[in-house]
Each structure stands twice: as C-alpha cells, then as structure tokens.
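Have a look at the structure below, then the notes.
Bear in mind that the values in this text are calculations on the coordinates, not laboratory data. Note that the structure is predicted; figures quoted are calculated from it, not measured. For neighbour counting, all protein chains shown are included, and Cβ atoms are generated from backbone atoms with ideal geometry for every residue, glycine included.
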Amino acid sequence: MKTTCLRMLTLALTLGLLILLGAGQSRASLEIHCIDVGQGDCTLIISPTGGTLLFDAGTNGRGNDTVIPYMQSLGLSALDYIGSSHYHMDHVGGIDEVVNSLGIDSVRVSVLDRGWSYTTITYQDYANAVAPKRTTIVDNQVIDLGGGVTATCVTVNGNGALSPPFLSSNHDENDMCVGLLVEYGDFDFFVGGDLSGVNSSSYSDIETPTAPDVGDVDVYRVDHHGSSSNSNTNFVSTLLPEVSIISVGSNSYGHPTQTILNRLVSYGSYIYQTETGSGGTIPAGEGEVVGGHVVIEVFPGYFTVDGDFYDLGISGVEVAAQPLSLEISPNPFFGETTFYLGGVGGRDLKLEIYDVQGRLVNVLSAVGAGQTLQAVSWNGRSVAGSPVAPGVYFVRLGGETGNVPRKVVRR
Ligand SMILES: [Zn+2]
C-alpha cells in the first residue's frame, strides 16, 4: 500500500498539469432541449461554450407561458440565434412573444427563416417583431454555435424540388420548411419542422431529396408531429435514428399516427413523445410518453436522453489497440478518484465503469492527442449525475485487441 501511494504521488507530481486538465472535461456537453409546447415544436440548442439557437417556439401564447419561463430556469436572458422552420402557427406563433419579452437587442446575431412571406396575422406579428434581425437562411449555410457544434441548413424552400415564388399560393407551407442538421463530434441530430414526405394534391415529397444531405443521425426530431404525410421510408431508412422525439399535444389531426410510430420502431428507433397526443400508441417497450420536455445531453463518446444512456459506438472515441496500464487512486475512494491511463500516445480513450451486476454506470473520455499518459477523474456519479451507492465497481479501459479491467471500491 505504501509503495503504491508513493508511486502514485510521483506520478501525480509528474503529471500535475494533465490532472488539472482532466478534472473538468467530463461535464462539458451539447444540450438540446425539446421543450414541451403541446401541439407544436420548440427546440433550444446550447453548445458547450454557451452558444444558443432557439428553433421554433410553439403556438401563440406558448412563448410567454412556456418558452420564456423555461429559458429563465436555465438562466438564459439572451440568444445568439432564433430560427423558424416555417410560418405555421404551431411553430412560429410564440417567437414574437420571446423576442418582445427579451428585447430584440437580446438576439445577438440573427433571426433566420426561409424568407418570402405568409398570409396570417400570426406571421405578421412574427415578421414585425423580428424585422431588425431577420435574415433569410440559404441552403448549406452553416451556423457555428461554438465548442465544435454546427447547425447546417440541409433544406429550405423545397431543396431544389420546387420553383419560386415560394408562397403558399404555389406550394404547401410544409414543403418549404427549413431543416437543420446539428453536428457535434460523432453526434448528429435532425430537426425539420413539418417537412413534407409525400406527393399529393397538397404536398410535394421534399424528404426524399433531402435524405442524402442528412445521412445517418443519432436523434431525429420527427417531422410534423408524427403525421403520415411525413417520415417516409426513404427518409427514415436513410436517417436510421437510434432515438426519435415526437413533439405533440392534443390535436384534431390524429398525431402521432400509428403508421409512423410503427415505422420508426421497425427501423430500430426508441421513441420519446412529449405528450400523449390524439393518435396511435407507441408499441410496448419501444418508447415512452414523457409528459413534458425531452432533454438530450451529448458528451464525447455518448449521449443521454432524459438521463437514458446511449453509446455513440466504438467510433465515437477512437480506442487504442493495446492499452498498457490503468492505475487507480485512491482505491478505495470517497468523493472522487483519478484514473491514470498509460501507453496510448496520440489516441483518445474511453473508460467504462460498471456495477457488480454488469450494468454500465458511466463512461469517461480522455482526449489524448499527442500525449502518452492521461489522467481522468470520476466523481462517483452515474451518467445521469446521481451519486452511486457505496460498493464495488469495475472499470474497463477497452482496446481493439483486449482490455484492462480493474476493481474500484466506493466507500
Ligand atoms: Zn407543426
């Protein structure tokens, strides 16, 4: 024990800087808040460096009643960007309330939308409120939210499949939706308002030509509240989302439809739904009605949805072929323990922590570019942030050709 302590002390002194660097890195995350605005859509994106984008804000009244109080609960009194997917009331209705409440100068950069215009009073209220900061988004435009998070416009005004003028007299408003692909490391998220997915007397299929621009995603904010006019098989089979989030409230349209719930599940998606809605039922064990907001947090190598853990896969963090050492100090530990990972120069690492029943408790990432030894700390909490019970835990430093397991005891 004495020898081990001395050795760890020497190691700690040698690597003092690395330990300091390692201590805080596991909590910085991208947050995506799918705010429950009933029958409507509202997504608040916050990058690890605090960059913000509010995309849609629910229907009239929801800006004041729901979005502003929610932002206040997060300590947000300004936004870098506001975006609107399209001009239907259930998406754009609350934006003027948010802007008028914060003040237009609290929108630091711009309000992005598809340009052109729409025929309703709700639209006019929106256009008047955002006029000083209003900017038309263009296809392939990249919004940099900082901290490695970008939102790229992958469709607007029909993604090349429609001809101008982009007015409701020529095309359905849903066809002209702005769709955003949000990227952070290996994590991909798509949100596209009510983007159309069928060719009918009303709609044009814009999802199909948009699918290749989106590609495989981790989380899909389901188009049009789970309507059967959207989320077509081309789109879902290209996006292959691990998680689908449906924003829905009581409605007269039968949203979400059983067809779309079944389709999402058949392509391997787990569904989170803000409210029960007025349509189909999620197949047993394939999702849940949250009854409120759905919050995504993205870390290097994994993400959580309302605290549920999703691994971004072995490609999420590049793992060294042959990890050589894994030292733990202190072991046993009380509040926090540090892992020293050796022999992995220039490679990133993922360290998994399991309980005695083999359940994954947490994952720590060590970004090791150009370094030969790493220190990362575990604060004794689960991936959802809850303190774990005293007892025996196992940590595993995984490699392509083997792994190094160790036992750690929490007092
Ligand atoms: Zn809608």
Self-check item: Net length gained if the chain between THR233 and LEU360 were fully extended (0.36 nm per residue, minus Cα distance)
Solution: 42.4 nm
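Would you mind telling me the antiparallel percentage of the DSSP bridges in segment 35-311, rounded to 5? Intermediate values should be presented prior to the final figure.
Values: 27 of 50 bridges.
Roughly 55 percent of the DSSP beta bridges within segment 35-311 come out antiparallel.
Nearest 0.05, what FRET efficiency do LEU240 and THR120 give at R0 = 30 Å with Cβ-Cβ as r?
Numbers: r = 36 Å, r/R0 = 1.20.
Calculated transfer efficiency: 0.25.
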Quiz item: Residue by residue through segment 219-227, which ³J(HN,Hα) values in whole Hz follow from phi under the Karplus form 6.51 cos²θ - 1.76 cosθ + 1.60 (θ = phi - 60°), with glycine and proline marked x?
Solution: 10, 10, 7, 4, 4, 6, 6, x, 5
Quiz item: Fully extended, how many nm does the chain gain between ASN262 and THR49 (0.36 nm per residue separation, minus their Cα-Cα distance)?
Solution: 72.9 nm
Self-check item: Measure of compaction for segment 35-311 (Cα Rg per 2.2 N^0.38 Å)
Solution: 0.91
Quiz prompt | Near-label residues of segment 40-60 by backbone N, under 17 Å of a point 7 Å along Cα→Cβ of SER278 | solution = 40-41, 59-60
Quiz item: Given the Cα-Cα distance of SER163 and THR136 and 0.36 nm per residue of separation, how much length would full extension add, in nm?
Solution: 8.0 nm
